[in-house]
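What follows is a single structure, written as structure tokens, with notes after it.
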Amino acid sequence: MQKTARVYVAILFAWLGLMTGAFVPLMHAVLVSERRGWLTLSLVVMSSLFIAYFWLNGAKDLIYTFYYYLSKKKLGQLPARAAWPRRFGVEARPRVVMVYCTYNDFNADSLAACMRQDYPFHKVVILDDSTDSAYKRDIDAFAAQHGVRVVRRDDHIGFKAGNLNNYLRKAEFDFFVILDSDEIIPPNFITRALDYFAADDTVGIVQANHHATRNRNKFMNLFAIGVNSHWPTYQAVKHHHGFLSLLGHGAMVSKQCYEAAGGFPHLVAEDLCFSIEARHRGYFVAFAPDILCEEEYPISYLAFKKRHSKWTQGNMEFIKRYTGRILRARMAWFEKLDIVLFTYSLPLTAFFALYVVINVIVLPMLHYRVVYPTWLLIPTVVFLLAPMLNDIFFHWRKINPFRLAWYLLHTFLLYGSMFFISLMSSMKSIFGKSVFLVTPKDQTHVSLGEAFRANKGEILFAGVLFAISVTLDKSPLPTLLIVVPCLLSVYLALISNRITVPERVQRPTVVRPAAVTRPHGSLAARDRAVGVVQRRTWQSEVI
């Protein structure tokens, strides 16, 4: 696979151009602060460095978005269909195992839908780490009905990575597909993914596209459209000009890649770490925009917050454990920079709070104020809003403008309210151990009292920050971007109480794995003669 650096060359040129213009005022602020001692100087340097990094990250979001829409046709070039029989041979069909990972969140309808594959040589295995006996009973009943194997382990070492390795290191397969509990893959997932492997020997992982469906309440309906716009844009550009990672689900991995990478590292961000190990050994992740899978958006604000905490902890653990590994990995410089900008951006939310603390609390307590030219606010505000640009471009002609504006406003509030949980999760990971949190999937009614109790940290954080700003800075303005979203976390938590009709209603269906649609007419006769017999024989093996 050939990747080029043109996107990151453009990003760096844009950023360096801005920094050239801002160098004099930023340097002036640093030199002036030197007169007040080393503490003030250090704080001003930290503040200036944060501005520089924030601008770099903002330039990345802007150029990623503009490049995608200007080069959409070129980025959309796909491998030929039905290429895999010519690559792998008619007589030697690759064996594919679909591994369904669950931890107290089994969804029978989702798994039943995933089993409707038009590729005959596949089997399904449930990797069950559940501790709830009710979920275990449901899984056992499903497995008995559908002839699916269930694998459980005595310990839960290594989170999801440990669950996967426990099975895969002893199994027989040529490829495996990773399914999360709410995942629904299309019937041609395996056959189309095989085309991507057939097109390029360096592809070790095929990551499918996703969109959010089955939105059951107002919260899901409001925010799910962000999933639909994010996946095709960012992953398509990463495929050609950055570092594309396995994203944990809806992906197919070759056995050679899995073994070369040494399995999944026992970390919270196992997908990202595995992708780096695979890339170090010469394998790429390919993005398949035409394989469109379904996932569910977090069912509530509280579920979203829990997932955000897991991602932040995972990224901080990754930063601690894998920063040196990135520098040593055999990959292009722009791939490494891509990892840094995207992975470090989530904990950056917490460090923005630190930036506010420096400028709103510490420096005023030292009776010092940093003065920057007003024009520096222009790129700062633009880059603050840059992550929303892709949503605007993607949905502009597809949804009502008022709905889009309502979504953008709420998105700003949603991510703005994550400052406190990001800060707490980052500190927990820095000074403790990261924990793999499972995002809740069940609909529950949240009372007003529960909403206040669940967000008491955000409310207290906002109140203290507001009071300090008014006391020391004589104005609440510097903290409003944090204070207002945090205070409105109670409102966000109540949105999910409004139940809506799901956009896709799943009906429980008894899926017969043997009943498949033959994908290629020229191979249909052979499948009927020997394919089904061979597939059943392989499925019956203990692997």
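The values are calculated or read from the model by the stated rules, or taken from the named source; none is laboratory data. What you see is a predicted model, and the numbers here were worked out from it, not measured in a lab. Positions of Cβ are backbone-derived with ideal geometry, glycine not excepted, and every protein chain shown enters the neighbour counts.
Listed values, structure above:
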| item | result |
| --- | --- |
| Residues within region 368-394 that are assigned to a loop (DSSP other than H, G, I, E, B), surrounded by fewer than 16 Cβ atoms within 10 Å (Cβ to Cβ) and touching a residue at least 12 places away in the same chain (Cβ under 8 Å), tallied | 2 |
| Checking GLN443 against (1) surrounded by fewer than 17 Cβ atoms within 10 Å (Cβ to Cβ); (2) at pLDDT below 90; (3) touching a helix residue (DSSP H, G or I) at 6+ places or on another chain (Cβ under 9 Å), the condition it does not meet | (3) |
| Unique residue being under 25 Å from the mean Cα position of the chain (by Cα) and touching a residue at least 24 places away in the same chain (Cβ under 8 Å) when the list is TYR119, TYR100 | TYR100 |
| Residue match in region 312-319 (condition: surrounded by fewer than 21 Cβ atoms within 10 Å (Cβ to Cβ) and over 27 Å from ALA454 (Cα atoms)) | yes |
| Filter result for the condition that a residue is among the small types (Gly, Ala, Ser), in contact with a Lys or Arg (Cβ under 8 Å, 6 or more places away or on another chain), touching a residue at least 24 places away in the same chain (Cβ under 8 Å) and in a helix (DSSP H, G or I), over ALA198, ALA193 | ALA198 |
| The listed residue being in contact with a Gly (Cβ under 8 Å, 6 or more places away or on another chain), of a type outside the set (Asp, Glu) and at pLDDT 95 or above, out of ILE184, ILE178 | ILE178 |
| Total residues in region 414-440, condition of a type in the set (Gly, Ala, Ser), surrounded by fewer than 22 Cβ atoms within 10 Å (Cβ to Cβ) and part of a helix (DSSP H, G or I) | 1 |
| Odd one out for MET331, checked against (1) surrounded by fewer than 17 Cβ atoms within 10 Å (Cβ to Cβ); (2) in a loop (DSSP other than H, G, I, E, B) | (1) |
| Qualifying positions in region 55-109 - among the β-branched types (Val, Ile, Thr) and touching a Lys or Arg at 6+ places or on another chain (Cβ under 9 Å) | VAL90, VAL96, VAL97 |
| Lone unmet requirement of (1) in a helix (DSSP H, G or I); (2) under 20 Å from ALA193 (Cα atoms); (3) touching a strand residue (DSSP E or B) at 6+ places or on another chain (Cβ under 7 Å) for ALA112 | (3) |
| Subset of region 334-358 that is of a type in the set (S, T, N, Q) and either crowded, with 19+ Cβ neighbours inside 10 Å or not in a helix (DSSP H, G or I) (or both) - its residue that is modelled with the lowest pLDDT | THR349 |
| Tally of residues being in a helix (DSSP H, G or I), more than 28 Å from HIS230 (Cβ to Cβ) and at pLDDT 90 or above across region 50-97 | 0 |
| Tally of residues being in a loop (DSSP other than H, G, I, E, B), touching a residue at least 60 places away in the same chain (Cβ under 8 Å) and within 23 Å of the chain's Cα centre (by Cα) across region 129-183 | 6 |
| Residue match in region 4-17 (condition: in contact with a helix residue (DSSP H, G or I) (Cβ under 8 Å, 6 or more places away or on another chain), on the phi < 0 side of the Ramachandran plot and either part of a loop (DSSP other than H, G, I, E, B) or modelled with pLDDT under 90 (or both)) | yes |
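Rundown of residues vs (1) at pLDDT below 80; (2) touching a Phe, Trp or Tyr at 6+ places or on another chain (Cβ under 9 Å); (3) at positive phi, yes/no style:
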| position | (1), (2), (3) |
| --- | --- |
| LEU409 | no, no, no |
| TYR415 | no, no, no |
| SER425 | no, yes, no |
| LYS433 | yes, no, no |
| LEU472 | no, no, no |
| LEU480 | no, yes, no |
| PRO485 | no, yes, no |
| SER489 | no, yes, no |
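Yes or no, residue by residue, for (1) in contact with a Lys or Arg (Cβ under 6 Å, 6 or more places away or on another chain); (2) surrounded by fewer than 22 Cβ atoms within 10 Å (Cβ to Cβ); (3) free of Cβ contacts under 8 Å to residues at least 60 places away in the same chain; (4) of a type in the set (Lys, Arg):
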position	(1), (2), (3), (4)
LYS218	yes, yes, no, yes
SER229	no, yes, no, no
HIS239	no, yes, no, no
ALA251	no, no, no, no
